[in-house]
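Student: The structure that follows is given in the form of structure tokens.
Bear in mind these aren't lab numbers, they're just calculated from the coordinates by the rules spelled out. What you see is a predicted model; the values in this text were computed from it and never measured. In this analysis, Cβ positions are derived from the backbone assuming ideal geometry, glycine residues included, and neighbour counts consider all displayed protein chains.
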Amino acid sequence: MEYKNQNVTPPPFYHDGNAVARQTNAVMKRVYVRMFIGLLVSAFCALGIASSQTAMMFFFGNKIVFWGMLIAMLAMASIMPARLQKMSSGAVLVCFIVYSALMGAWLAPIFLVYRLGTIVYTLFITAGTFGAMSVYGYFTKSNLAKIGSYLMMALFGLIIAMIVNIFVASSAMDWIISIVGVLIFVGLTAWDTQQVKQLAAMNLDPAMADKLATMGAMNLYLDFINLFLFLLRIFGGNRD
């Protein structure tokens, strides 16, 4: 209907808040389900490889496999966001699952370095901390964008400090790095959750929304893994 040809007033734009909330909740549900699946894949891969001396020798005794695994993870973490528009939803999901499996293989040595009880204890602390910060990021009315940008800069600084400490081998610096790492990823968990929620509320086509759910799952998955590893370094008594 063309309003200029009718002697009526156009109706006001109606924003269906309930529809937006339903769409957001649907996407966020997929985010958390896929993140959980990714963590399960990583856990089973890590346990399976750690329990097999042959597998450990294959992944960590062969330099080509070891560096190939690391390069593959770095490449996937870069390519997936860059080619998100061109990749299908299924391809994005498969890449995330493969990435989770490679990460699990990469984490396998922690079962040889730390006691199982310490790993489980740290895992529960990580889950509780992550859950609390993700809930905060989801429900807070504060805009965390500025904080997020500061956290990203701090993360780059942390990476540089970790590289320097490889050569310095300072236990005091290692302790500081672990504390700062926990604080950074606690903040990034809230920020990433808010970002995913904001994108989920946008009027996206179903395919793009599904890709968003997978990428959101990957971002939160990485927050969880890094938070776990830094906490493990803090709580860490090793097997000796």
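Student: Mind ordering 172-183, 208-219 by average Cβ neighbours within 10 Å, highest first?
Tutor: Taking the mean over residues of other Cβ atoms within 10 Å, the ranking is 208-219, 172-183.
Student: What helices in the chain pass both tests, a Cα length along the helix axis of 15 Å or more and a mean Kyte hydropathy of -1.0 or higher, using whole DSSP H runs?
Tutor: Helices passing the filter in the chain: 17-50, 63-82, 89-107, 116-139, 145-168, 171-200, 206-235.
Student: If you average 1/r across every pair of different Cα atoms in segment 28-104 and take the reciprocal, what Kirkwood value do you get, in Å?
Tutor: By the Kirkwood definition, the hydrodynamic radius is 13.5 Å.
Student: Here's a follow-up. Need one word for the chain: rounded, prolate or oblate. Basis is the Cα gyration tensor (sqrt eigenvalues a ≥ b ≥ c); a/c below 1.5 gives rounded, then a/b vs b/c decides.
Tutor: In terms of gyration-tensor shape, prolate.
Student: Here is a further query. Please report the relative contact order for the chain, taking Cα pairs under 8 Å with a sequence separation of at least 6, and give it as a percent rounded to a whole number.
Tutor: Relative contact order for the chain comes out at 34 percent.
Student: Right, something else. Calculated from DSSP H runs of 4 or more alone, at -39500 (n - 2.57) each and per residue, what is the 222 nm mean residue ellipticity of the chain, nearest 500?
Tutor: -28000 deg cm²/dmol
Student: Share of Cα-Cα pairs in segment 83-149 beyond 13 Å, in percent?
Tutor: More than 13 Å apart: 78 percent of the Cα pairs in segment 83-149.
Student: Going by average Cβ density within 10 Å per residue, which order do the peptides 153-166, 130-143, 188-201 take, highest to lowest?
Tutor: Packing order, densest peptide first, comes out as 188-201, 130-143, 153-166.
Student: Using the alpha carbons of segment 27-168, what is the convex hull volume per residue in cubic angstrom, as a whole number?
Tutor: Details: hull volume 23.1 nm³, N = 142.
So the per-residue hull volume is 163 Å³.
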